[in-house]
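The values are calculated or read from the model by the stated rules, or taken from the named source; none is laboratory data. In this text the structure is predicted, and so the values were computed from the model without any measurement. FYI the Cβ positions are ideal-geometry reconstructions off the backbone, even for glycines, and counts take in every protein chain you see.
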Amino acid sequence: MNRNDVDWAGYFPAVVTPFTESGALDTDTLHALIEQYADRGMHGVVVNGTCGEWFSQSVEERAAVAETAVAAAAGRMRVLVGCTSNTAENVEVLASHALGAGADGVLASPPPYIKLFPNEVVAWYEDIGARVTGPLVVYNWPHGTGIDIDSDLADRLADIDAIVAIKDSTPDADQFFETSRRVRDRVRVFGPYMSVRGVEVLRTEGGDGTIGGGSLSGRPDPAFWENYWAGDLAPMVAYAEQADRLFPKLWLPGGWAGLYGSYQAQLKALMHMLGQPAGHVRRPRLPITDPDDLAVMRAVLVEEGLLPQESGAA
């Protein structure tokens, strides 16, 4: 397989997994969120990734999340399911279930905590690639795995038959764009193209899509890519300028955490402010409860036009 065996492109929200306040999995809220993403024209979704708090779910819960996402999407957009684990056997179990449930593909990072060497990363993806019977996405998540898949290593991984795409979350923008240049002939590349620098790369070199944390902007997120496909640069630049302003007001450099809490907790808090189904985080993650922090976050959304200014506000 290679990039031509799938049609994945555009904006794919990395979906949060909603939990109740007591910590139970909330599939009703997840279903509502996927429905909202479909209604807003997202091109796909990724569940059970970093935003999806896969690390605090049981195997049975991860299966329920995959089934819920596929059912809610109902063929209106692509569904990719995160199957990261610490053994290839576990990845195989999760991937077999996800693909059997109707997912379009599966995604896996190198196993967390272990800090594989480059040859071990290649062997890891060769192993799980031989076990997975559908399209496989490499997930480069240095903050979670302790290793960064650089351009040379990505180039090697792109030759593995099962791999059709890479979600590259490196904090090194220069490295990302070099990886994009190196591997896009063989695999689809999802990463930070929705920036002013990214727009220029799209204009001159091309790109496939972005898998971003949720969808704070809503309909403008997939519209960015539809404008790209139509060759309409001006609205892309306007979107990217806003995104470049918004990001440092809310997230730490590299995008691995929020300024006011964990990535998942801050994203869910922002989603609640925007009226999006989100649920709660599950321990060990803790919610953001400080009123001053929440007020600053809301003010940022108002400042960037994502929320209307409250009546009577100065």
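Of note:
- Test result for TYR260, crowded, with 20+ Cβ neighbours inside 10 Å, at pLDDT 95 or above, more than 19 Å from TYR37 (Cβ to Cβ) and touching a Leu at 6+ places or on another chain (Cβ under 9 Å): no
- In this structure, PHE190 does not qualify as free of Cβ contacts under 8 Å to residues at least 24 places away in the same chain, out of contact with any helix residue (DSSP H, G or I) (no Cβ under 7 Å at 6 or more places or on another chain) and not basic (Lys, Arg).
- Condition check for ARG283 on (1) closer than 15 Å to GLY10 by Cα; (2) touching a Gly at 6+ places or on another chain (Cβ under 7 Å): one failure, at (1).
- Selection within the range 1-25 - buried (at least 20 other Cβ atoms within 10 Å of the Cβ) and either free of Cβ contacts under 8 Å to residues at least 60 places away in the same chain or of a type outside the set (A, V, I, L, M, F, W, C) (or both): ARG3, GLY10, TYR11, PRO13, THR17, PRO18, LEU25
- In the range 219-244, residue nearest to HIS43 (Cα to Cα) [restricted to those that are crowded, with 19+ Cβ neighbours inside 10 Å and small (Gly, Ala, Ser)]: ALA223
- Matching residues in the range 263-314 - criterion: being part of a loop (DSSP other than H, G, I, E, B), of a type in the set (Gly, Ala, Ser) and surrounded by fewer than 21 Cβ atoms within 10 Å (Cβ to Cβ): GLY275, GLY305, SER311, GLY312, ALA313, ALA314
- Filtered residues of the range 234-273 (kept if out of contact with any helix residue (DSSP H, G or I) (no Cβ under 8 Å at 6 or more places or on another chain), among the hydroxyl-bearing types (Ser, Thr, Tyr) and farther than 19 Å from TYR11 by Cβ): SER262
- Residue match in the range 145-158 (condition: within 21 Å of VAL45 (Cα to Cα), at pLDDT 95 or above, buried (at least 22 other Cβ atoms within 10 Å of the Cβ) and of a type in the set (Val, Ile, Thr)): no
- Subset of the range 215-240 (residues that are outside any helix (DSSP H, G or I) and on the phi < 0 side of the Ramachandran plot): SER215, LEU216, SER217, ARG219, ASP232
- Residue within the range 180-195 that is polar (S, T, N, Q), in a helix (DSSP H, G or I) and either surrounded by fewer than 24 Cβ atoms within 10 Å (Cβ to Cβ) or touching a Lys or Arg at 6+ places or on another chain (Cβ under 6 Å) (or both) present: no
- Restricting the search to helices (runs of 4 or more DSSP H) fully inside the range 114-166 and requiring at least 2 residues that are of a type in the set (Asp, Glu) and farther than 22 Å from GLY209 by Cβ gives 118-131.
- Leading residue by the ranking (surrounded by the fewest Cβ atoms within 10 Å (Cβ to Cβ)) among those in the range 99-113 that are of a type in the set (A, V, I, L, M) and outside any strand (DSSP E or B): ALA101
- Lone qualifier among ALA98, ALA123 - being at pLDDT 95 or above and touching a helix residue (DSSP H, G or I) at 6+ places or on another chain (Cβ under 6 Å): ALA98
- Residue in the range 198-214 that is of a type in the set (Ser, Thr, Tyr), crowded, with 20+ Cβ neighbours inside 10 Å and not in a loop (DSSP other than H, G, I, E, B) present: yes
- The listed residues are ALA165, ALA72, and the only one of them that is touching a strand residue (DSSP E or B) at 6+ places or on another chain (Cβ under 7 Å), crowded, with 16+ Cβ neighbours inside 10 Å and either of a type in the set (A, V, I, L, M, F, W, C) or at pLDDT 95 or above (or both) turns out to be ALA165.
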